[in-house]
Amino acid sequence: QVQLVESGGGLVQAGGSLRLSCAASGRTFSSYNMGWFRQAPGKVRECVAAISVTGFNTYYADSVKGRFTISRDNAKNTVYLQMNSLRPGDTAIYFCNAPVWGTWLPNPTFGSWGQGTKVTVSS
C-alpha cells in the first residue's frame, strides 16, 4: 500500500515562495510519472505540474507556468514543487499523486492520496 506524505505548505504573502515536498513509500516510486494536484474550496482537483519517470519531461498548467518548478529525487522517493511569485489564486490544498501523462488525471493503478498540505496566499 502506497503512502504519500506532503509537507511544506503554510501561509505566505502574495509574491512569496514555498517549497512543497512529497515523500512516497510502499511502492516503486521511480516507475511512475509524478505530479502535484491542488484543490481549492468548491473547485475540482486539478493537476498543476507533472514530471516524467526520468525527470526529463515536465508539464505545467497554464496558471502556474513560469512560476512553479517540479522536480524529483528517485533515490529519496520524493517529489518537490518550488512555488514562486505566489498569488491568492494559488490558495488550495496541494496533493501529490501519479498522473497519466497527457490526460493529467490520476493514474487509477497508483492508488492512495495523502492528506495534502495547505497553502494559503494572502493579498
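The values are calculated or read from the model by the stated rules, or taken from the named source; none is laboratory data. Computed from a predicted model, the values in this text were never measured in an experiment. All Cβ positions, glycine included, derive from the backbone under ideal geometry; neighbour counts span all protein chains shown. Only protein heavy atoms, including side chains, enter the accessible area calculation; ligands, DNA and RNA are left aside. Shrake-Rupley method; radii C 1.70, N 1.55, O 1.52, S 1.80 Å.
Some notes on this structure:
- One residue stands out in the range 19-34 among those that are of a type in the set (A, V, I, L, M, F, W, C) and touching a helix residue (DSSP H, G or I) at 6+ places or on another chain (Cβ under 9 Å): the one that is modelled with the lowest pLDDT, namely Phe29.
Condition check ((1) under 18 Å from Gly9 (Cβ atoms); (2) surrounded by 13 or more Cβ atoms within 10 Å (Cβ to Cβ); (3) modelled with pLDDT under 95; (4) of a type in the set (Ser, Thr, Tyr)) across all residues:
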{"site": "Cys47", "(1), (2), (3), (4)": "yes, yes, no, no"}
{"site": "Ile51", "(1), (2), (3), (4)": "no, yes, no, no"}
{"site": "Val64", "(1), (2), (3), (4)": "yes, yes, no, no"}
{"site": "Phe68", "(1), (2), (3), (4)": "yes, yes, no, no"}
{"site": "Ser71", "(1), (2), (3), (4)": "yes, yes, no, yes"}
{"site": "Asn77", "(1), (2), (3), (4)": "no, yes, yes, no"}
{"site": "Tyr80", "(1), (2), (3), (4)": "yes, yes, no, yes"}
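- Restricting Gly42, Gly16 to those that are surrounded by 14 or more Cβ atoms within 10 Å (Cβ to Cβ) and part of a loop (DSSP other than H, G, I, E, B) reduces the list to Gly16.
- Where a residue in the range 1-23 is touching a residue at least 12 places away in the same chain (Cβ under 8 Å) and over 19 Å from Lys76 (Cβ atoms) and its partner, wherever it lies, is assigned to a loop (DSSP other than H, G, I, E, B) and open to solvent by 50 Å² or more (accessible area, probe 1.4 Å), with Cβ under 7 Å and at least six apart: Gln1/Gly26; Ala14/Arg87; Ala14/Ser123; Gly15/Ser85; Ser17/Asn84
- Per this entry, Phe29 is not counted among residues that are among the aromatic types (Phe, Trp, Tyr), farther than 17 Å from Asn107 by Cβ and either exposed (fewer than 14 other Cβ atoms within 10 Å of the Cβ) or under 15 Å from the mean Cα position of the chain (by Cα) (or both).
- Residues being within 17 Å of Gly102 (Cβ to Cβ) and not hydrophobic (A, V, I, L, M, F, W, C) are represented in the range 35-47 by at least one member.
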